[in-house]
Amino acid sequence: MIVKKYWHVINIGIQNNLTYRVNFLFRIAFGFIPLLATIYLWRAVYSGKGSVDVATYSLAQMTSYYLLVTIVDVFTAVSEDDWQIAADIKDGNISQFLVKPINYLTYRLCLFFSSRLIYMAVAAIPLTIFIFCFRHYFYLPSDFTTLVWFMVSVVLTALLQFFTSYAMAMLAFWVLEVSTFIFILFAFEYLASGHLFPLDILPPALEKVLYFTPFPYQMYFPVSIYMGKTTGTTLAHGLIIQAAWVVAAYLLAKFAWNRGIRKYAAVGG
C-alpha cells in the first residue's frame, strides 16, 4: 500500500511536469548557449598555449568535462523544488500533510524524481545532437565498471542535491523570505562543485579544503569517475564520503522539519 501510494504521487508528478515539457525544452536549448561559449573560450585558451595541457587536461578532455557536467546536471539538478517547498510552508499548504498518512519529505522526493524523468526525456534529443556535434571531444568510459560506479555516484549526487535543497527550504519555518539563502547556496554550489571549472586545476591546498565540504560531490566527483581520474581506493573512499554526506543532509532535513513543525501554525479555513 505504501509503494502504491507513493507511486501514485510519481504518476501525478509526471502528469504535472508534462504540462511544462515545452518549458523544459527551451530551458535545455538555451542552456547550450553558455556551454557553447565556455567550450569556445577554452579552445581559445588552448590555441594560445599551443599543445600544452592545462593542469592534466587536454583540449578534448576539457571539452568532454563540460559535456559530462551538462549530462550530470540533467540527471541531478533541483528545479524549483526548494522554492515550492518554501511556498508550501509559507502559504500553509503543508497542513494537509499533517493530517494524512503521507510523509512530506518522501512526497517531495517522488515529485523531484518525476520532474527529473520528464526533464531527461525532453532533454535527450537536443543533448544527443549537441554531443554528436562534439563527438570528437567526447570520451567514453574506459570500462563498464567505471560506468556503473559513475551511475551510482550520479544517484547519490541527486539525493545530496535534493536533501540539501530541502533542508535549506525548511528555513521558511523561521524566516518569511528564503530566496537570499537559496541564492547564496546556489552560488557556493556553482563555484565549489566543479560546475564552472574542474576542481583539480585549483591550487592543491584550496582543492583539499573544498573536499571538507559536500560541494565537490555534487558535480565534480561523478564526472571525475567517468573520466577515469578517480579510481581504485580513491574511488571507494570517495563513494563512502559521498554516501555519508547524503545521510548527513537527510538527517539535517529531518531535524529541520521536526524543529520547524513545532513552530508552524496555520490559521483560517
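The values are calculated or read from the model by the stated rules, or taken from the named source; none is laboratory data. Note that the structure is predicted; figures quoted are calculated from it, not measured. Don't worry about glycine lacking a Cβ; one is built from the backbone with ideal geometry, like all the others, and counts go over all protein chains shown.
Here are the numbers for the structure shown:
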read-out: Flag if Thr230 is touching a helix residue (DSSP H, G or I) at 6+ places or on another chain (Cβ under 7 Å), outside any helix (DSSP H, G or I) and in contact (Cβ under 8 Å) with a residue 12 or more places away in the chain; value: no
read-out: Selection status of Tyr166, under 14 Å from the mean Cα position of the chain (by Cα) and farther than 20 Å from Thr38 by Cβ; value: yes
read-out: Selection within region 144-160 - of a type outside the set (A, V, I, L, M, F, W, C) and modelled with pLDDT of 95 or more; value: Ser153, Thr157
read-out: Where Gly228 falls short, out of the listed (1) within 24 Å of Leu185 (Cα to Cα); (2) surrounded by fewer than 19 Cβ atoms within 10 Å (Cβ to Cβ); value: (1)
read-out: Contacts under 6 angstrom Cβ, first residue in region 24-51 being closer than 21 Å to Arg116 by Cβ, partner part of a helix (DSSP H, G or I) and at pLDDT below 85, 6 or more apart; value: Phe24/Tyr119; Phe24/Val122; Leu25/Val122; Ile28/Ala123; Ile28/Pro126; Ala29/Pro126; Phe32/Phe130
read-out: Given (1) more than 30 Å from Leu171 (Cα to Cα); (2) not in a helix (DSSP H, G or I), number of the condition Ser47 does not satisfy; value: (2)
read-out: Lone qualifier among Ile182, Ile225 - being on the phi < 0 side of the Ramachandran plot and modelled with pLDDT of 90 or more; value: Ile225
read-out: In region 77-127, the residues that are β-branched (Val, Ile, Thr), surrounded by fewer than 18 Cβ atoms within 10 Å (Cβ to Cβ) and touching a Ser or Thr at 6+ places or on another chain (Cβ under 9 Å); value: none
read-out: Test: residue in region 234-253 that is free of Cβ contacts under 8 Å to residues at least 60 places away in the same chain and outside any helix (DSSP H, G or I); value: no
read-out: Any hit, region 256-263, residues being exposed (fewer than 13 other Cβ atoms within 10 Å of the Cβ), part of a helix (DSSP H, G or I), at negative phi and not basic (Lys, Arg); value: yes
read-out: Listing of helices (runs of 4 or more DSSP H) fully contained in region 92-202 that carry 3 or more residues being without any contact (Cβ under 8 Å) to a residue 40 or more places away in the chain and closer than 30 Å to Arg43 by Cα; value: 104-133, 179-192
read-out: Complete set of residues in region 96-136 that are among the polar types (S, T, N, Q), over 15 Å from the mean Cα position of the chain (by Cα) and within 20 Å of Phe162 (Cα to Cα); value: Asn103, Thr106
